[in-house]
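Participant: Pasting in a structure now, in C-alpha cells, and then I'll have a few things to ask.
A short reminder: the numbers here are calculations on the coordinates, not readings from a lab. Being a predicted model, the structure only gives us computed values, none of them experimental. Here the Cβ is made from the backbone with ideal geometry for all residues, glycine too, and neighbour counts use every protein chain on show.
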Amino acid sequence: MYGTESYGTNQYAVNNTQDEIIPSNYKNNLIGNVHKIYRQDKWLNTIYKSAGIDLDSLGGNIQDLINQLNPSTATWGLNIWENELKINTDINKSYEERREVIEARLRGYGTTTKKMIENTAEAFSGGECNVIEHPENYSFTVQFVGVLGIPKNLEAFKEMLEIIKPAHLAYDFKYTYTIWDFIKNKPKTWDNIKTNTWDGLKVFSDN
C-alpha cells in the first residue's frame, strides 16, 4: 500500500478504515447549542451540517483506531501486531485466522506449561482442548474436545507449537469424531443424515 504501510501487508479490496460509521447526529447537537433564532438560519445550518459530517467521520476514525489496539477487533492494524510479535504477515489469510495466531502468540509468552499449550490450542480451535503428558516418552498429546474433526487452522497451530514447546518434546494430536451409536440414537435427524457424506458424518452434530 502506498503511504505509511508496507506494500502487500494489507488485504486487497478491503476497507482499511472504519468498518462502519454510526451517524452520531453532530449537526443537531451543534444547532441545539445556539439560540433558537439562529437555528432557522440556512447559512448556519449549512455550516453546522458540514461540521457535523466532519465530526461524524472523526468519531468513526477514532473508534477505528481504538479497534486496532485489540487483536480481536483489529483490521488494518493486524500487521503492526504481527511485526511486533515477529509473525510473518500472510494477507491471504482471513482476519479471523490472523487474529488467532496473534492471540495464541500473546498467550504463549512465558514459561511453557501444560496450561499454556491448552490455552494456545483453544485459541486456534475455538473449543476446549486437553493436553495429555507422556513423560516416559518425552511427548504429549493435544486432544481437541470442543470441536469435531480437524481444526481448520491446524497448520498455523503446529507452527506456533514448535515455537513455544520445549525442543526435546514430541507431540501428536487426538481429534473428536461422531460415533455411530450417537447417530443411531437420533432418529429425528435421519433425513439429514442419509443425504450426508462420510466425512460429514464423522463431524456430525444435531445442535
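Participant: Tell me, in nm to one decimal, what length is gained between Asp41 and Thr113 on full extension, where the rule is 0.36 nm per residue of separation less the Cα-Cα distance?
Facilitator: 19.1 nm
Participant: If each residue of separation counts as 0.36 nm, what is the full-extension length gain between Ala170 and Leu148 once their alpha-carbon separation is subtracted?
Facilitator: Computed gain between Ala170 and Leu148 is 5.6 nm.
Participant: Another question, then. Under a point spin-label approximation (7 Å from Cα along Cα-to-Cβ), what is the Glu155-Thr73 distance to one decimal in nm?
Facilitator: Rounded to a tenth, the inter-label distance reads 3.2 nm.
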